[in-house]
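Enquirer: Before I ask anything, let me first share the structure, which is written out below as structure tokens.
The values are calculated or read from the model by the stated rules, or taken from the named source; none is laboratory data. In this text the structure is predicted, and so the values were computed from the model without any measurement. Cβ: placed from backbone, ideal geometry, glycine included. Neighbour counts: every protein chain shown. Accessible surface is based on the protein model in full, side chains and every heavy atom, while ligands, DNA and RNA are left aside. Shrake-Rupley method; radii C 1.70, N 1.55, O 1.52, S 1.80 Å.
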Amino acid sequence: MDSRPYTNMAWLLVLPAALLLVFNALVPFIAVINYSFQHIYSPQAHLFVGWQNFEEVMHDPEVIHSLFRQVIFTAITLGIEMPLGVAVALTMPRGGRWSGIILVFLALPLMVPWNVVGFIWEVMGRGDIGLLGKFINDVLHINFNYATNGPSAWFTLIIMDVWHWTALVALLAYAGLCAIPGAFYQAARIDAASRWAVFRFIELPKLKGVLTIALLLRFIYSFKIYAAPFTVTGGGPGDSTTFLSQALSTLAINQLEVGEAGAYGTLYFLIILLISYLFYVVLTRSGVSNEESA
Amino acid sequence: MHWISWMYWLLPTALFFGGIALLLVCMGIWEAVSPTNFRQGYIIPMKTTRGDRLFISLLSMAYITWLWVGVIPLTKLILIPIAVVWIATLVLIG
């Protein structure tokens, strides 16, 4: 029996984090909702308009198209990065002096700031001097120009995102793989399990937790992607690579439609909140079922 | 009140956030008086606590509002009784 006295002192320790959250998330979020019900012409002149901003945003083709593009972009990049990251993690040595060096090299793209990643791939994708662009144009003889051709722009952005973020999935999967006790592999060897069977019945189930976290993190990062595509294509050609956050900033900053942008931001937040909550449920419920079966 | 004037408060949004804050305080008192049990209800297909059900009801209500505003060109005031009934139902028996 635990004889230590029960106090509520622990709540005080959470207070700084809670205050930080209130000032950098809750207060701005409330302000955005307040804005979303008004037409704001200047700090002195603002008018309550009810749900009008929401109705406009919901029927705005630019918003609907950018949501559509965002979903496709996120699905493609996650569809490549998740299996590729696991594959990279499976080929990495677990221990020994090489593992440290490989980890450092793998982590390098993660340390590059978003807009620098954009700049790197802006140069890489150029048809006249870029390695990728010149290779596709001159060796594969495919007309490639991300500034004028939609598919080229998409290809460049997807390659860029895969380059930037596969390492995150690989590092998380690698950590998950390292945590699997050797006894499981021993048992598999005794049963003469194939490499595929080891992956399918030992490694993949043990990786479920870390892969869910990887998927959640990658989904959130991908769904709010801004700086990198903005640097490479600026949302073009036309608006073929304008994703949600760029459409939002165009509305709020370029067109100064603060009220409409507030409505847009609220809906954008609701999408991310719903999907994050679903991930959270999957994560915590898988923990509950593990405890029950253990 | 100059220090919050940049937030452009409105009466409807002030009532909305005030209502949510009041709801949280009431849930806190209710929790202190009679702690929740982690159970499966009639609507949500998994075990939930009272707080889980409040969160799910608020989030789903936001989506119902979205659907209503986007699709049905009728008054939005009817959403208020719908919200009260929906949130109460989910928290109590969900």
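Enquirer: With the condition kept exactly as written, say whether any residue in region A:193-208 is among the acidic types (D, E) and in contact with a helix residue (DSSP H, G or I) (Cβ under 6 Å, 6 or more places away or on another chain).
Expert: No, region A:193-208 contains no residue that is among the acidic types (D, E) and in contact with a helix residue (DSSP H, G or I) (Cβ under 6 Å, 6 or more places away or on another chain).
Enquirer: If we only count helices (runs of 4 or more DSSP H) wholly inside region B:7-94, which ones have 2 or more residues that are open to solvent by less than 80 Å² (accessible area, probe 1.4 Å) and within 10 Å of chain A (Cβ to nearest Cβ)?
Expert: Hits in region B:7-94: B:11-33, B:50-71.
Enquirer: Just to check your reading of the model, which residue among A:S240, A:S222 is polar (S, T, N, Q), open to solvent by less than 80 Å² (accessible area, probe 1.4 Å) and not in a loop (DSSP other than H, G, I, E, B)?
Expert: Criteria check complete, one pass: A:S222.
Enquirer: Step by step: first the residues of region A:56-86, then only those that are among the hydrophobic types (A, V, I, L, M, F, W, C) and either touching a strand residue (DSSP E or B) at 6+ places or on another chain (Cβ under 6 Å) or open to solvent by less than 50 Å² (accessible area, probe 1.4 Å) (or both), then the one that is nearest to A:A214 (Cα to Cα). Which residue is that?
Expert: Ranking the qualifying residues of region A:56-86, first place goes to A:M82.
Enquirer: Across region A:16-55, what is the number of residues that are buried (at least 17 other Cβ atoms within 10 Å of the Cβ), at the interface with chain B (Cβ under 9 Å from one of its Cβ atoms) and in contact with a strand residue (DSSP E or B) (Cβ under 9 Å, 6 or more places away or on another chain)?
Expert: Total meeting the criteria: 5.
Enquirer: Then there is this: Tell me which residues, restricted to region A:132-163, are touching a residue at least 60 places away in the same chain (Cβ under 8 Å) and surrounded by fewer than 21 Cβ atoms within 10 Å (Cβ to Cβ).
Expert: Result: A:A147, A:T148, A:N149, A:G150, A:W154, A:I158, A:V162.
Enquirer: Any residue that is of a type outside the set (S, T, Y), out of contact with any Ser or Thr (no Cβ under 9 Å at 6 or more places or on another chain) and outside any helix (DSSP H, G or I) - is there at least one of those in region A:195-214?
Expert: No: region A:195-214 contains no residue that is of a type outside the set (S, T, Y), out of contact with any Ser or Thr (no Cβ under 9 Å at 6 or more places or on another chain) and outside any helix (DSSP H, G or I).
Enquirer: Also, quick follow-up: Only residues that are small (G, A, S), without any contact (Cβ under 8 Å) to a residue 60 or more places away in the chain and within 16 Å of A:A261 (Cβ to Cβ): list them for region A:11-36, please.
Expert: Within region A:11-36, A:A31 is the sole residue that qualifies.
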